[in-house]
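The structure appears right after this line, and notes come after that.
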Amino acid sequence: MNKIDLDGQVAVITGGAQGIGFAIAQRLVRSGAKVALWDVREDLLQTAVGELGDAASAHTVNIVDYQTVVAAVVATEQALGHIDILVNSAGIAGNNAPLEEYDLDEWRRVIDIDLTGAFHVNRAILPGMKARNYGRIVNIASIAGKEGNPNAAAYAAAKAGVIGMTKAAGKECAKYDIAINAITPASAKTRILDELKPEFINYMLSRIPRGRFLEVEEAANMVAWLVSRENSFTTAAVFDLSGGRATY
């Protein structure tokens, strides 16, 4: 494994107690960073911090509630001094249904968590990064945000929004040595698949030329470089982890 130097860096990872977020936390800790895991699942947070050791701390955060996010920023900065890195990994898949049949409350739930939640976290953390004239942010979108998936309009719309937000914010913050990028992974075998119908999972797998799902460690490896000082030029960009699925 390549050694990415993150010594002295502090990272906030939303959705960090599970799935891709936890894999990223493991990779960043091995690279020398301290990580603050933000997640709604207090039980999973305690398990995750137990595995990661003294370099990790747990914060129960619902990113849909902006005031809770602001409080988590204050608590993290009081404990660790500053926030250099943000990886926004929290998200849900939502239910599967044709657009004209999609439940209105479910649409709002997916947009609230996957898009508005991402906005809340970026909004709350960016002022500190600007004040210190340094920061690295990776927003985890999805290949669905570029290509769409049938019967998953809410998820596709939310992740397309994350891509657009990332591009706009990356341009706004470039002069502050803040790099804001997104990754667009294909499906990985995480808890998010538990929300989906088997036929939808099979559809997504059939679209990946590699013929397999993404391994969470593969996402973590890409993110580790994107949040390092070595990524000193690229911002407002989208990096694919689609196994060949992406067409643009």
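The values are calculated or read from the model by the stated rules, or taken from the named source; none is laboratory data. Being a predicted model, the structure only gives us computed values, none of them experimental. Positions of Cβ are backbone-derived with ideal geometry, glycine not excepted, and every protein chain shown enters the neighbour counts.
Side notes on the structure shown:
- Looking only at the range 27-46, and only at residues there that are assigned to a helix (DSSP H, G or I) and touching a Lys or Arg at 6+ places or on another chain (Cβ under 9 Å), the one that is farthest from residue 14 (Cα to Cα): 30
- Hits in the range 172-184 - residues which are in contact with a strand residue (DSSP E or B) (Cβ under 9 Å, 6 or more places away or on another chain), surrounded by fewer than 17 Cβ atoms within 10 Å (Cβ to Cβ) and part of a helix (DSSP H, G or I): 172, 174, 176
- Residue check for residue 229: out of contact with any helix residue (DSSP H, G or I) (no Cβ under 6 Å at 6 or more places or on another chain), in a loop (DSSP other than H, G, I, E, B) and in contact (Cβ under 8 Å) with a residue 60 or more places away in the chain: yes
- Count - residues of the range 75-101 that are free of Cβ contacts under 8 Å to residues at least 24 places away in the same chain and either surrounded by 12 or more Cβ atoms within 10 Å (Cβ to Cβ) or touching a strand residue (DSSP E or B) at 6+ places or on another chain (Cβ under 8 Å) (or both): 1
- Whichever residue in the range 102-114 is without any contact (Cβ under 8 Å) to a residue 12 or more places away in the chain and assigned to a helix (DSSP H, G or I) and, among such residues, is farthest from the chain's Cα centre (by Cα): 104
- The listed residue being free of Cβ contacts under 8 Å to residues at least 60 places away in the same chain, assigned to a helix (DSSP H, G or I) and under 23 Å from residue 216 (Cβ atoms), out of 117, 50: 50
- Of note, residue 77 satisfies the criterion of being under 30 Å from residue 55 (Cβ atoms) and either modelled with pLDDT under 95 or part of a helix (DSSP H, G or I) (or both).
- Residue 220, sole failed condition from (1) farther than 19 Å from residue 111 by Cα; (2) surrounded by fewer than 17 Cβ atoms within 10 Å (Cβ to Cβ); (3) at pLDDT 95 or above: (2)
- Hey, residue 139 surrounded by fewer than 22 Cβ atoms within 10 Å (Cβ to Cβ) and either of a type outside the set (A, V, I, L, M, F, W, C) or assigned to a helix (DSSP H, G or I) (or both) or not: no
- Filter result (farther than 18 Å from residue 93 by Cβ and crowded, with 24+ Cβ neighbours inside 10 Å) within the range 28-51: 28, 33, 35, 36, 37, 38
- Tally of residues being surrounded by fewer than 24 Cβ atoms within 10 Å (Cβ to Cβ) and within 14 Å of the chain's Cα centre (by Cα) across the range 9-21: 2
- Check on residue 102, among the hydroxyl-bearing types (Ser, Thr, Tyr), in contact with a His (Cβ under 7 Å, 6 or more places away or on another chain) and either more than 27 Å from residue 199 (Cα to Cα) or at pLDDT 95 or above (or both): no
- Restricting the range 208-217 to residues that are crowded, with 17+ Cβ neighbours inside 10 Å and not in a helix (DSSP H, G or I), the residue that is nearest to the chain's Cα centre (by Cα): 214
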